[in-house]
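In what follows, a single structure is set out as C-alpha cells and then discussed.
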Amino acid sequence: MSAAAEDTVTEAPAVEAVPKRAMTLGTGTSLVILAALLVTPVFVKNFVVFQMTMVMIYGIAVLALNILTGGSGQFSLGQSAFYALGAYTSAVLMENFNVNYALTLPIAGLVSFGAGYLFGKPALRLSGIYLALATFALAVAMPQLLKLHFLEHWTGGVQGLTVMKPDAPFGLPIGQDKWLYYFTLVIALAIYIGSINLLRSRSGRAFMSIRDNEIAASAMGVDVAQYKTLAFGVSAGITGIAGGLSAIVVAFVAPDSYTINLAIALFLGMVVGGVGWLPGSFVGAAFIIFVPNIAESISKGLSGAVFGVLLFLVIFLVPHGARQVAMLAQQMLGNLRKN
Amino acid sequence: MELFTNQVLAGIATGAIYACMALAVVMIYQAIDHLNFAQGEMAMFSTFISWQLMQWGVPYWWSFILTLAISFAGGILIERLLFKPLAKAPVLTNVAGFIALFAIVNSVAGLIWDFTIKQYPTPFGSAPFLGSQLISTHQAGMIGVTLLMLVGLYLFFQFTRIGLAMRAAAALPESARLVGVNTSWMIALGWGMASAIGAVAGILIAPVVFLEPNMMGGVLVYGFAAAVLGGLSSPLGAVIGGFLVGVFENLAGTYIPGVGNELKLPIALALIITVLVFKPAGLFGRAIVKRV
C-alpha cells in the first residue's frame, strides 16, 4: 500500500524481559507448596486427585511453552501436536511393544524433541505472526495425520487406543490414581527444577538474549539459529513427556483429543500464569482445567460466554498473569517486614 | 484438461470466500497490528443480525446497509470497551483477549439463534454463471463485490485524509501522534471498518456455507492463511492469496492421490509455509527493516 519499499521500524520485543531472579519462587514458598502437594491426596477424593494430576500434566506442557515463548521469545500454537506425538509414542509402546510405562516417557520426550528440532529448522526463517501460522498448521495437521489409514495398525485410527492403567509398584497400598499422582508429581518436579536450571545456564541466557534483541545477541556471539531450534526442540520434548504422562493417566488416546483447542488452551494457560514466569505455568494449568467447569456450572447454555468473561476479568485485573499477583504479594510481605 | 479448468474455476469460486475474509483480516491487521482471532465470529454475528432483520420483514438491501452500520458501530464499541484498556498490556495478553471474545460471541449467538442450520438468501440468484455449472451467479457476484471492496479500500487509503492518517497511525504511532493524528481513534475506526468488511464477507458467504454459529471456523483459518500468504500489509495480496489458496486446495484434492477432504487443509497450509520460508513477508508484503 505504501509507496516506500522499506520502512524502518523500531519495535519493542513481543515478549517483555523478565528479570532472572523473578523467574522462580523463593525456597520457603516452594517447600510449603511442595508439602501441601504431598499431603493433599490423602484427604481428598480420587476424582480430585485425578484432576490435580491433570493440572500437573498440563502445567508441564504450559511450562514447555513458557520456555519457548517466555524464554526464547518464539511463539507457538502447535504445542498440541507435540503433546499428541508424546501421548501416541507412549501409548503405542505400551500397547504394541509392552514397554514399561515409566520407560516410555523418556522415549516420548526424545521423539518429540527430534520432531520439534526438525520443525524448528525451517521455522527459523519465520517469526511473530508467521511462526504462529506455521505452528498452527502443524496443530491442525496432527489429528488428521494420526487418522491416516496406513498407521491404523499402530494408532487405532479414529477409535484411538486404550491403555492399561498401571498399579502401584512393590505392592504399595495406594490406589492407581494416587500412585499416578505421586508419579506425576516427581516428574513434574524434576522437569520444573531442570527447566529453571536450564534458563539459568549459558543456554538459558542465550535464549533470553535472543528474546530481548536478536541482532544484539548475534553480535555478542550467540548462535541465534542454533539456540532458536534448540529452544523449539527442548520445548517440544518437554511437551512430549507431558503428552506421554497424559496417555498413562487418562489411559486413552484418540486423535480428536489433540486438536488446535488444546494448543489454544495451553497458550491461555501461559498468559494467565504469566509469560516467562515458570511457577505460573501450574497456576495457568489450573485455570484451563477448572475455569471451563466453573463456567459450565454457572450457565450451561452460555458456558462459552461465561468462560470468556472470566478470562477478560483475569486479563483486565492482572494483564501480566499470576506473576503480577506473586510480585504484589512479595512486595507487600517486604513492606511488612520493614515496618 | 477440462477437469483441470473445472477445478480451477471451482477453486476460484471458493477462493472468493477466502479472499473476502482475508480482506477483513488485513484490514484489522493494518489498524491494530494483531490478527484478530474473533474476526470470524464477529462476522458471523453480523450475518445473524442481518438475517434477523430480514425475518422481521426488512428488505434485503436495507438490512444489508443497516447491518453494515450496526457492525461498524459494534466494532468501535468492542474496541473502546474491551481492547482500549488492554492497549498497554503485553501482546500475548491481547491475543488471549481475542480468544475470550471468540468464546463470548460464539456462545451468545448460539443462545440467541441456536445451532440449527439456516438458509440465507442471495441477491444474485444461483443460476449457472455464463453457462458454467461450477460458478453460480452468486459466486460471480461475490467475486465482483470483493473486487469492488478492494478498489474502494485502495481509494480510501490512498486518496483520503483519514485513510492517510490511519496508515500513519498503524505504521509509526509515535510520529503520527506528533503530527496530530488521534491514533487511539484511528484504531477504533480500524476495528469498525474491519467489522463492517467482515459483515459483508459473512453476508456473502452465508448462502454458500449456510448460517450457523460455527460457520466461520473453517473460513477464518483459510482467511488467515490467505492473508499471510499474500502479505499482511497488502489488501491486494490478501485477495490474490485468497484465490490462490482456493485454487490450490482444489487442485491438491483432485490430483494428489490420497488427499481426501480431510487432508486438504493441512496440505494448503503446508504450501503456504513453504512459500513463507522463501518469502517471509508474504507474496506481496513489504519487508520491514528493523532498527537496532
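Throughout, read-outs are computed from the coordinates displayed, never taken from laboratory work. Not measured: the values here are computed from a predicted model. Quick reminder, even Gly has a Cβ in these numbers, built from the backbone with ideal geometry, and neighbours come from all protein chains shown.
With θ taken as phi - 60° and the coefficients 6.51, -1.76 and 1.60, list the Karplus ³J(HN,Hα) couplings across the stretch B:6-12 in order, rounded to whole Hz; mark glycine and proline as x.
For the stretch B:6-12, the Karplus curve yields 4, 5, 5, 4, 4, x, 5 Hz.
Between A:Leu313 and A:Ala190, what is 0.36 nm times their sequence separation minus the Cα-Cα distance? Round to one decimal in nm.
So the extension gain works out to 41.0 nm.
Counting only pairs 8 or more residues apart or on different chains, how many lysine pairs in the stretch A:45-259 have their Cα atoms under 25 Å apart?
Pairs that pass both the separation and distance tests number 5.
Let me check against my output: what whole-number percent is the relative contact order of the stretch A:45-259, with C-alpha pairs under 8 Å and at least 6 apart?
In percent, rounded to a whole number, it is 46.
Normalised by the number of residues in chain B, what is the relative contact order in percent for Cα pairs under 8 Å and 6+ residues apart? All intermediate terms of the calculation are to be shown ahead of the outcome.
Details: 432 pairs, mean separation 107.0, N = 292.
Relative CO of chain B lands at 37 percent.
What longest region of chain A stays clear of trypsin sites (Lys or Arg not before Pro) that DSSP places outside H, G, I, E and B and that have at most 10 other Cβ atoms within 10 Å? All intermediate terms of the calculation are to be shown ahead of the outcome.
Details: sites that count: A:Lys45, A:Lys300.
Free of exposed loop sites, the longest segment is A:46-299.
Excluding A:Thr53 itself, calculate the net charge of residues whose Cβ lies under 14 Å from the Cβ of A:Thr53, where each Lys or Arg counts +1 and each Asp or Glu counts -1. Kindly include the intermediate steps, with their values, before the conclusion.
On the way: positive: A:Lys45, A:Lys165, A:Lys178; negative: A:Asp177.
Result for the neighbourhood of A:Thr53: +2.
May I ask you to derive the FRET efficiency for B:Ile117 and A:Arg202 from their Cβ-Cβ distance with R0 = 56 Å, giving the value to the nearest 0.05? Walk me through the numbers on the way to the answer.
On the way: r = 58 Å, r/R0 = 1.03.
For R0 = 56 Å, the calculated efficiency reads 0.45.
Calculate the radius of gyration of the Cα atoms of the protein assembly as shown to one decimal place, then report Dmax, the largest Cα-Cα distance, as a whole number, both in Å.
In Å, with Rg to one decimal and Dmax whole: 25.1, 86.
Express in nm, to one decimal, how much length is gained between A:Phe170 and A:Leu118 on full extension, taking 0.36 nm for each residue of separation and deducting their alpha carbon distance. It would help to have the intermediate numbers written out before the result.
Numbers: separation 52, 0.36 × 52 = 18.72 nm, distance 4.00 nm.
That works out to 14.7 nm of additional length.
What is the average number of partner chain Cβ atoms found within 10 Å of a Cβ in B:103-111? Kindly include the intermediate steps, with their values, before the conclusion.
On the way: counts 13, 9, 3, 3, 11, 5, 2, 4, 5.
Partner-chain Cβ atoms within 10 Å, mean over residues of B:103-111: 6.
Say each of A:Asp212 and A:Thr259 gets a label point 7 Å from the Cα, pointing the same way as Cα to Cβ; how far apart are those two points in nm?
Each label point lies 7 Å from its Cα, and together they span 4.2 nm.
Return the inverse of the average 1/r over all pairs of distinct C-alpha atoms in chain A, which is the Kirkwood hydrodynamic radius, in Å to one decimal.
Value: 20.9 Å, from the Cα pair sum.
What does DSSP give for the protein assembly as shown in terms of the percent of beta bridges that are antiparallel, rounded to the nearest 5?
Roughly 60 percent of the beta bridges in the protein assembly as shown run antiparallel, per DSSP.
Could you pull out every one of the lysines with an alpha carbon less than 24 Å from that of B:Lys88, ignoring same-chain neighbours closer than 8 positions?
The qualifying lysines are A:Lys20, B:Lys290.
Quick one: A:Tyr88, B:Tyr18, A:Tyr181, A:Tyr192, fewest Cβ neighbours within 10 Å first, how do they rank?
A:Tyr192, A:Tyr181, A:Tyr88, B:Tyr18
Please label the shape of the stretch B:1-110 as rounded, prolate or oblate, based on the square roots a ≥ b ≥ c of the eigenvalues of the alpha-carbon gyration tensor (a/c under 1.5 means rounded; beyond that, a/b larger than b/c means prolate, else oblate).
Oblate, because a/c is 1.5 or more while a/b does not exceed b/c.
Please identify, among B:Phe159, B:Phe45, B:Phe64, the residue showing maximal mean-square fluctuation in a Gaussian network model of chain B using a 10 angstrom Cα cutoff.
B:Phe159
Would you tell me the mean number of C-beta atoms belonging to other protein chains that fall within 10 Å of each C-beta in A:215-222, as a whole number? Don't jump to the answer; show the numbers that get you there.
Working: counts 3, 1, 0, 0, 1, 0, 0, 0.
Taking all residues of A:215-222 together, the mean is 1.
Obtain the nm distance between the two label points defined at B:Leu178 and A:Gln331 by a simple spin-label model: each point lies 7 Å from its Cα along the Cα-to-C-beta direction.
3.2
Longest span of chain B, sites excluded, free of trypsin sites (Lys or Arg not before Pro) in DSSP loop with at most 13 other C-beta atoms within 10 Å?
Maximal segment without exposed cleavage sites: B:89-290.
Taking 0.36 nm per residue of sequence separation and subtracting the Cα-Cα distance, how much length would be gained by fully extending the chain between B:Leu148 and B:Leu81, in nm to one decimal?
21.0 nm
Given R₀ = 51 Å, FRET efficiency for B:Thr160-A:Lys338 by Cβ-Cβ distance, to 0.05?
0.30
Taking a label point 7 Å from the Cα of A:Phe252 along the Cα→Cβ vector, which residues of the stretch A:127-150 have an amide N closer than 18 Å to it?
In the stretch A:127-150, the label zone of A:Phe252 (backbone N under 18 Å from the point 7 Å along Cα→Cβ) covers A:147.
Would you grab the residues whose amide H sits under 5 Å from the one on B:Ser136? Only those 5+ places off in sequence or on another chain, please, with H modelled 1.01 Å from N.
Close amide H contacts, sequence-distant or interchain: B:Phe129.
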